[in-house]
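Okay, so here's the structure we're looking at.
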Amino acid sequence: MRVLKWFRKEPISWVDGRDVEMAEAVHQAQSTFQEFVSALEEDSRRIVPMVDQALVKYALPATKSGVAVEHVFLSNIQKKGDSVFGVVASEPLYTSIIREGEYVEIDQSRVSDWLYVVNGAGVGGYTFKILWSRFSERERSRYADQPPFVWIKAAHATS
């Protein structure tokens, strides 16, 4: 099994620095990441697990021109010892350092969001909530039934 580990700690910028709201959402996701990991650990000890889905939105440096960073989704999140790992959930478009299905050792400073789903409602999803609030009515109708927005909407309906 090939696991991507960071060998250098280069700063990475996820969003335009002028987008204070989005930068705050990323900061909130990073500062609460251990709560996400703890919730998944607790769920793994349940006789009947409650978490339906768990995803991490993760920033990787782009290797193709046009963008500086690619955000990929990691699934199958697992903690082993002091490390947390995830599997790249789809083929990246702008980076060639990792491929779909490969494992990534998660560096909390590169987490741009996280989300887990219980009873159809998302917990976390800080950047997704902002994106949803900025969508036009046309975009909302297009993405309303698509993950992760279907889970974000469900969380708002139950809160």
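Of the residues that make up the stretch 28-37, is at least one surrounded by 13 or more Cβ atoms within 10 Å (Cβ to Cβ), charged (D, E, K, R) and on the phi < 0 side of the Ramachandran plot? So far as the stretch 28-37 goes, no, none of its residues is surrounded by 13 or more Cβ atoms within 10 Å (Cβ to Cβ), charged (D, E, K, R) and on the phi < 0 side of the Ramachandran plot.
Mind counting the residues in the stretch 43-73 that are charged (D, E, K, R), under 19 Å from the mean Cα position of the chain (by Cα) and either surrounded by 17 or more Cβ atoms within 10 Å (Cβ to Cβ) or not in a strand (DSSP E or B) (or both)?
So the answer is 3.
In the list 109, 141, which residue meets the criterion of being assigned to a helix (DSSP H, G or I), farther than 18 Å from residue 33 by Cα, at pLDDT below 95 and small (Gly, Ala, Ser)?
On the way: 109 fails: farther than 18 Å from residue 33 by Cα.
Sole residue among the options that is assigned to a helix (DSSP H, G or I), farther than 18 Å from residue 33 by Cα, at pLDDT below 95 and small (Gly, Ala, Ser): 141.
For first residues located in the stretch 96-110 and surrounded by fewer than 13 Cβ atoms within 10 Å (Cβ to Cβ), partners that are of a type in the set (D, E, K, R) and part of a loop (DSSP other than H, G, I, E, B) and lie 6+ apart or on another chain with Cβ distances below 6 Å form the pairs 100/91.
The values are calculated or read from the model by the stated rules, or taken from the named source; none is laboratory data. Fair warning: this is a prediction, and the values are worked out from it, not measured in the lab. Heads up, the Cβs are rebuilt from the backbone with ideal geometry, glycines too, and the neighbour counts pull from every protein chain shown.
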